[in-house]
Structure formats: structure tokens, C-alpha cells
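Data block below; observations after.
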Amino acid sequence: MEETEEISVAEEKVVDISLKDLAKKLEEFARARDWEKYHSPRNLLLAMVGEVGELSEIFQWRGEVDKGLPDWEESDKEHLAEELSDVLLYLIRLSDICGIDLGDAATKKIVKNAVKYPPKAC
């Protein structure tokens with residue numbers, strides 16, 4: 001990706017994007033930098049685990065937090081969004097490299113969990 005193309009991608013506000021579209025963008029990003037040789041399942045998993053650690057650090061000493069994070073500074077929310085995005089992007093790239101359709105797998109898992117954990121009758 002050239003610098004101007006990178007900037008336009010960064011400035012693009014996406015309202016709704018599919019996992020497949022994100023996977024394609026990640027593949028293109030890696031290919032343009034010749035990083036594909038480093039994107040083995042093991043390497044991607046370990047990188048994702050590192051990002052999960054960074055995500056965990058954000059919550060480490062905060063105790064329980066309210067839904068919506070009303071008491072957080074905007075800069076803390078931005079940092080959280082970046083770390084969540086890192087984890088998501090590595091997960092999408094890992095699933096793509098492993099040939100797993102993550103959207104399909106997640107949908108099937110929700111159905112499986114609904115059968116395994118039916119709602120309680122009131």
C-alpha cells in the first residue's frame with residue numbers, strides 16, 4: 001500500500017464491515033509489506049496473546065467497571081479501542097490463515113450454545 005492509499009484507508013469511516021472484508025484488508029496489508037512469511041498460525045496466535053495481555057493491563061487495577069465506561073477518560077477509551085482492535089485483527093488474520101470462516105464458526109457456536117444452555121422457563 002502506498003502512503004496516500006494508507007492515509008485514505010485510515011481516514012475512511014466504516015459504518016459496517018464484514019469479517020471477510022477485514023480479512024481481505026489484512027491480507028492486502030501483509031502482502032504489501034511482505035509480512036506473509038511471518039504470518040504462521042503459531043506466530044499470529046502468540047502475537048494475539050500478547051495483545052490480550054495489553055488489553056488486560058487496561059483493566060488490571062480498575063476493579064469492576066460500569067457498562068459504557070462512564071467514568072473513563074476519553075483517552076482511556078481510545079486506548080481500549082486500539083487494544084480491542086489489535087486482538088480482533090489478529091484473531092481475524094489467524095482464522096483466515098487457518099482457513100476458518102470466523103463468521104460462520106461463530107454463528108454455529110451461538111446455535112450450539114443455545115441448545116446447550118436453553119433459556120430458563122419463568
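Every number in this text was worked out from the coordinates using simple rules, so none of it is lab data. All of these numbers come straight from a predicted model, not from anything done at the bench.
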Under the span-like rule (Cα at least 30 Å along the axis, Kyte-Doolittle mean at least 1.0), DSSP H helices of the chain: none
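Dividing the convex hull volume of the Cα atoms of the chain by its residue count, what figure in Å³ per residue is obtained? Could the numbers behind the result be given before it?
Values: hull volume 21.1 nm³, N = 122.
Dividing the Cα hull volume of the chain by its residue count gives 173 Å³.
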